[in-house]
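Reviewing the structure listed below.
The values are calculated or read from the model by the stated rules, or taken from the named source; none is laboratory data. Since we're looking at a predicted model, the values are computed, not measured. FYI the Cβ positions are ideal-geometry reconstructions off the backbone, even for glycines, and counts take in every protein chain you see. Side chains included, ligands, DNA and RNA excluded: accessible areas come from the protein's heavy atoms. Shrake-Rupley method; radii C 1.70, N 1.55, O 1.52, S 1.80 Å.
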Amino acid sequence: MASIKDVAAEAGVSVATVSRVLNSHPSVSPDARTRVLAAVEALGYRPNAVARSLRTDQTRTLGLVISDVLNPYFTELARFVEEEARALGYSVIIGNADERPDLQEHHIRTLLDRRIDGLLVSPADGSAPFMPGAAAGGTPMVFVDRWIQGVDVPVVRADGRAAVRDLVAHLHRLGHRRLAIIAGPATTGDERVEAFREAMREHGLALPDSYIGQGDFRADSGRRVTERFLTLPEPPEVVFAADNLMALGALDAIRARGLGVPQDIGLAAFDDIPWFLHTDPPITAISQPTGELGRAAVRALVDVIEGRPPQSVTLPARLVVRSSCGEPTSSRRNNP
């Protein structure tokens, strides 16, 4: 493998000149720059990223800790984060918290030990005691999708309140009055329940405690909560799952009882995913702008890294009407 000395010899310049070219220093003459780059190409030289990071105090690496890699929403988010980071000259190391605060902490500590330039986190839990210290430790940090109250870092997220209001109005127009919700944990879970409750109140509808089920953003919890809903003396007419995996669990529970969607009970979900267009029936869902969120999160983090004022970003979610709540054909908007 060629060394920087080999490049210097091939180009007929000093090692210092090669280093200046590789680090885009403006003091190098055009002729010397051309010869060095030609030598790099001819010899197949690749700079040692670790050694460079020790000199520049930068690794050009970002960390991303997501809540659950099996959740299609977070898988898609990670894809857009990686694409935007690559376009800006950064690599990304991804850690999967598996919705476990202890595993989240492990990934964050490991990434910080590896001297990443910045960290994107979608917190698995709203009570992680180590997070304020990690945020205050000097490494640039941005929360994406979820956040932790009291931790002062930029947050990039979607605001689903208007879309939830649209959903409840849509269900009300269809004649549904008994609406239940499968809630999730952390700040996003609380926000979606409150938005649902407020939207129902606007239509004169109550949300009794028996129609609120606590899930954990996993399919099993959606299945378990829906099974309980179906045993109530007066089951809900529609179940709204505050996450896509919980919606799939709810669908399993409904079918396990020999019931049909939407003939016997309606189903709607937060976090639209491509699968929902192909389920039977296609599921009415609230769609978050996943690509825009991933790209905006990277740009916000790079702003912090490069010393620009940090900015939080809030983007709107939207309702996608399909067939799972008894919609007439004319009202369906089958958007992938």
Query - Neighbour cut-off at most 13 other Cβ (10 Å), DSSP loop, GluC sites (Glu not before Pro), segment 232-336 - result: 306
Query raised in the report: Among residues other than residue 198 whose Cβ falls under 9 Å from its Cβ, what is the net charge (Lys/Arg +1, Asp/Glu -1)?
Result: +2
Query raised in the report: On a 0 to 90 degree scale, rounded to 10, what angle separates helix 290-305 from the longest Cα axis of the chain?
Result: 40
Query raised in the report: Charges only on Cβ, +1 for Lys and Arg, -1 for Asp and Glu: so what's the dipole of the chain about the Cα centre, in debye to the nearest 20?
Result: 600
Query raised in the report: Angle between the Cα long axis of helix 219-230 and the longest principal axis of the chain, 0 to 90 degrees, nearest 10?
Result: 10
Query raised in the report: On the first, second and third principal axes, largest extent first, how far apart are the outermost C-alpha atoms of segment 211-336 in Å?
Result: 58, 34, 20
Report summary line: Carbon plus sulfur, as percent of the 1.4 Å-probe accessible area of the chain, comes to 50
Query raised in the report: Lys/Arg Cβ at +1, Asp/Glu Cβ at -1, dipole of segment 65-133 taken about the Cα centre: which of 131, 71, 112 is farthest positive-ward?
Result: 112
Report summary line: Checked segment 180-239 with the C-alpha gyration tensor, a ≥ b ≥ c its square-rooted eigenvalues, rounded below a/c of 1.5, otherwise prolate if a/b is larger than b/c and oblate if not; verdict oblate
Requested in this report: Just add up the charged neighbours of residue 28: K/R +1, D/E -1, any other residue whose Cβ is under 13 Å from the Cβ of residue 28.
Outcome: +2
Report task. With label points built 7 Å along Cα→Cβ from the Cα atoms of residue 93 and residue 136, find their separation and express it in nm. Result -> 2.5
Requested in this report: Give the angle, between 0 and 90 degrees and rounded to the nearest 10, that separates the Cα long axis of helix 72-87 from the longest principal axis of the Cα atoms of the chain.
Outcome: 20
**Report entry** Long-range Cα-Cα pairs in segment 238-294 (distance over 19 Å), rounded percent
**Finding:** 24
Report task. Using only Cα atoms, locate the centre of segment 66-96 and the centre of segment 119-173, then give the distance between them in Å, rounded to an integer. Result -> 16
